[in-house]
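Each reported figure results from applying straightforward, stated rules to the coordinates on display, with no laboratory input. Predicted model only: the values in this text are computed from it and were never measured. Note that we place each Cβ from the backbone using ideal geometry, even for glycine, and neighbour counts take in every protein chain shown.
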Amino acid sequence: MTEERVDKLGGFEFWKKTLHSAKYVVAPMVDHSELAWRMLSRRYGAELCYTPMYHAGIFTKDPVYRKEALQSCPEDRPLIVQVLSLCHAKLKVPITCKIRVFHTIEKTVEYAKMLERAGCQLLTVHGRNIEQKGRLTGIAKWEFIKAVKQVLCCYYYY
Ligand SMILES: Cc1cc2nc3c(=O)[nH]c(=O)nc-3n(C[C@H](O)[C@H](O)[C@H](O)COP(=O)(O)O)c2cc1C
């Protein structure tokens with residue numbers, strides 16, 4: 001079977017041109033990241049926002065869910081839409097990923113490299129592992145984030 005690939009910006013070119021080199025990014029938050037929150041955040045300086053996480057299965061089958069999920073407006077850009085299980089090679093828009101860290105730096109770095117190989121164009125690392133929730137949230141593991149950055153980043157911008 002022949003692979004049909006789609007031309008699109010990738011890596012830092014994608015970040016610079018499509019995301020306008022956004023530095024002030026509002027992290028996604030379940031039950032908060034809807035349009036009204038995004039527009040309020042932008043009014044106070046946010047340069048890039050996320051939608052809430054969408055369930056890809058329901059999205060394809062339920063028109064009401066789809067209509068609510070797609071609420072946006074021209075001022076609500078650039079915007080990262082949270083879905084996954086879609087394919088970098090087939091989509092016209094770049095794929096970004098967001099991960100928590102594993103219990104070791106090595107496994108975290110391996111996982112990040114795997115995402116890069118799979119076509120991830122922009123990776124966000126939440127520096128806490130799966131257990132670090134609620135009262136166990138604690139401090140983010142900045143050394144894990146640093147290790148991922150050192151392995152994946154080949155360009156520097158000032
Ligand atoms: C109330 C709340 C809801 C969140 N919901 C999501 C979510 O839906 N998807 C996601 O990827 N991260 C979610 N996160 C994680 C944040 O996007 C962010 O990665 C995390 O809070 C780390 O940033 P911090 O160290 O500034 O807290 C949520 C965080 C909070 C506090």
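Here are some notes:
- For residue 100, distant residues with modelled amide H under 5 Å away: 126
- Overall dimensions of the stretch 21-86 as given by Cα atoms, namely Rg and Dmax in Å: 12.1, 36
- Here the simple spin-label model places points 7 Å from the Cα toward Cβ, and for residue 59 and residue 113 these points are separated by 3.0 nm.
- Mean separation of Cα contacts under 8 Å, 6 or more apart, over the residue count of the chain: relative contact order %: 21 percent
- Estimated 222 nm signal from helices in the chain, with DSSP H stretches of n ≥ 4 weighted -39500 (n - 2.57), rounded to 500: -8500 deg cm²/dmol
- In the stretch 21-86, Cα pairs under 8 Å separated by at least six residues give a relative contact order of 37 percent.
- Selected from 111, 54, 65 as most flexible by GNM, with the chain as the system and alpha-carbon contacts under 10 Å: 65
- For the stretch 64-139: relative contact order, % (alpha-carbon pairs under 8 angstrom, 6 or more apart): 31 percent
- Viscosity 0.890 mPa s, temperature 25 °C, Stokes-Einstein D of the chain from Kirkwood C-alpha radius, µm²/s: 142 µm²/s
- Sparsely packed GluC sites (Glu not before Pro) within the stretch 32-118, loop by DSSP, other Cβ within 10 Å at most 11: 75
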